[in-house]
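Accompanying notes for the structure given below.
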Amino acid sequence: MIFEQLSQFRQSLYEQLGKAKDAVFELMDAVLTSASTVSFVSLSQSPVFRRQWSSIYAALHDSHLPQAKLMQEIAGRVDTTEQPILAGDRTFWSRQDAGTLKERTFDHDSRQKSAVGQSYSTLAWIAEESGSWALPLRHERISSFETPGKRAAFQLQQVTRQLERRPLAVYDRGYGNASFVNQTATIAADLLLRLAANRCVFGAPPAYAGRGAPRKHGVKFKFKDPTTWPEATETIAVDDPHYGRVQLMRWSNFHFKQSPKRGMEIIRVEVLEPVGRQRKFQVLWLAWLGQLMPALQKLWRIYLRRFALEHWYRFAKQRLHWTQPQLSSNQALERWSLLVALMTWQLWLARNECRDAPLPWQSPQDKLAPGRIAQGFASILAAIGTPAKAPKPRGKSPGRATGYCPSPRPHYPTVKKRVRKRKQAEKALKSTTIPAA
């Protein structure tokens, strides 16, 4: 049977979707077969969506998706014959004019301009050594009372419990700090973090001298000051066909000032002789924490696989229409974001048997990207069908009663995240004593 894995996955999803599962399932099919839309509700005009246009938003507001079961379903499909590579990051969904949406916060959009909306944290499995495939295992909203690092640590903890093998999680420099290192101390996962070029780390403390409190920190290592660099534990040079001559340096047993109990391996990656005349690369600083570190010439290439998650963010927003619906409920937004992750997995399971169907101005490809598979997904649906049932008309709705006037929806202020004030409030709460009865 062709597309057997995809058919079984779709049937399993359909059985777990619960309320409004037929409309939800046909909505996913409409997205996968619609390369462009004028508006989100125009997906109801797709041939695979057999319901009325109002069911588009009603399905997202009325459904109750079992997130834990669905996430366990896709985590079980991660290949653990080798150490799984996970990538984590966050993205911003701008909702500038959505005054009736709760928990909007201030952030920056892709052009680094101040915007109002919501941030989403994603943890994805990077299944291939090259390419743009990133398969989300967790794709969730960051609430107004938590930081991106706290949500990322929670996601990593949940995913590692469902994997049969200890993973290696890769994060960008927004997570290369002591706070995230401390929050992931009890998680059974190796970490590869990018560090900012102006960071300072500290070496192991010297032996106890017998007087006073034992020291927590050793020599200071400033990335921008080569005079503070100690002798490297390992230095090698490799030739990469894409980047050129690359120098790799490693220093052992260093830590952040606020996390002295978690030692790190510091890696410096510098392109000495780039391929091409006008190519310039910045120096890359990495930190590795875990049990068994991969070879140095392999480790820095593992970090480069993280950029597949950036490709997925663009693919989700442009092709899967993730940021197009104007939903006013956080619960509906989270359900829709979960469906976007499930649609990506459907494309992944169809990759081996899907035939390339390039447009007249496109070149044929042997290794298909997610967009190419989505381009031919209509023919796949024609071959395997859908488990969703046809709608049953119930006649004309009576509509609103005469004279009924709904009240306007309430507006909510934008939340300002102030870390200093929150810490002061927590400190004041702890110092408050309860009088004895």
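The values are calculated or read from the model by the stated rules, or taken from the named source; none is laboratory data. On a predicted model such as this, the values are computed, not experimentally measured, just so you know. Glycine gets a Cβ as well: all are built from the backbone with ideal geometry, and neighbour counts include every protein chain shown. Surface areas here come from the heavy atoms of the whole protein model, side chains and all, with no ligands, DNA or RNA. Shrake-Rupley method; radii C 1.70, N 1.55, O 1.52, S 1.80 Å.
Projected label points at Gln326 and Arg161, each 7 Å from Cα along the beta carbon direction, are separated by 4.0 nanometres. For Asp89, the amide hydrogen comes within under 5 Å of the amide hydrogens of Thr122, counting only partners 5 or more places away or on other chains and with H modelled in the peptide plane. Paramagnetic label reach from Asp97 (point 7 Å along Cα→Cβ; backbone nitrogen cut-off under 18 Å): within the range 114-140, residues 115-118. Rounded to the nearest 10 degrees, the angle from helix 21-32 to the longest Cα principal axis of the chain is 70 degrees. Please find, in a Gaussian network model of the chain (springs between Cα atoms separated by less than 10 Å), the residue of Arg409, Arg95, Arg301 whose mean-square fluctuation is greatest. So, out of Arg409, Arg95, Arg301, the one fluctuating most is Arg409.
Report in % the part of the accessible area of the chain that belongs to carbon and sulfur, leaving out ligands and nucleic acids; probe 1.4 Å. After summing per-atom areas, the C and S share lands at 50 percent. Surface analysis of the chain yields an accessible area of 55 Å² per residue, using protein heavy atoms and a 1.4 Å probe. Loop-located trypsin sites (Lys or Arg not before Pro) in the range 1-47 (DSSP state not H, G, I, E or B) with no more than 12 neighbouring Cβ atoms inside 10 Å: Lys19. Seen against the Cα atoms of the chain and their longest principal axis, helix 148-162 is set at about 80 degrees.
Extension gain, Ser179 to Val283, is 35.1 nm, computed as 0.36 nm per intervening residue step minus the present C-alpha separation.
With a simple spin-label model that places each label point 7 Å from the Cα along the Cα-to-Cβ direction, the separation between Thr402 and Thr235 comes to 9.1 nm.
Most tightly packed first, judged by the mean number of other beta-carbon atoms within 10 Å of their residues, the peptides 127-136, 37-46 read 127-136, 37-46. Spacing of the modelled spin labels on Ala369 and His108, each 7 Å from Cα toward Cβ, amounts to 2.6 nm.
Quick one: length gained pulling Glu310 to Gln52 fully straight, 0.36 nm per residue minus the C-alpha distance?
Taking Glu310 through Gln52 to full extension adds about 89.4 nm, to one decimal.
Based on C-alpha pairs under 8 angstrom that are at least 6 apart in sequence, the range 99-161 has a relative contact order of 26 percent.
One Cα centroid belongs to the range 140-191, the other to the range 281-322; the line between them spans 15 Å.
A Förster radius of 45 Å combined with the Cβ-Cβ distance from Ser143 to Glu273 puts the calculated FRET efficiency at roughly 0.45.
Using C-alpha pairs under 8 Å with a sequence gap of at least 6, the mean separation divided by the residue count of the range 22-75 gives a relative contact order of 34 percent. Peptides 338-346, 388-396 ranked from most to least packed give 338-346, 388-396, packing being the mean of other C-beta atoms within 10 angstrom over each peptide's residues. Phi angles of the range 323-336 translate, via the Karplus equation with coefficients 6.51, -1.76, 1.60 and θ = phi - 60°, into HN-Hα couplings of 9, 8, x, 9, 7, 10, 10, 5, 5, 5, 5, 5, 5, 5 Hz per residue; Gly and Pro are given as x. What shape does the range 223-325 take by its C-alpha gyration tensor, where a ≥ b ≥ c are the square roots of the eigenvalues and a/c under 1.5 counts as rounded, a/b above b/c as prolate, and the rest as oblate? Oblate, since a/c reaches 1.5 and b/c is not below a/b. When only Cα pairs under 8 Å and 6 or more residues apart are kept, what is the percent relative contact order across the chain? Relative contact order for the chain comes out at 19 percent.
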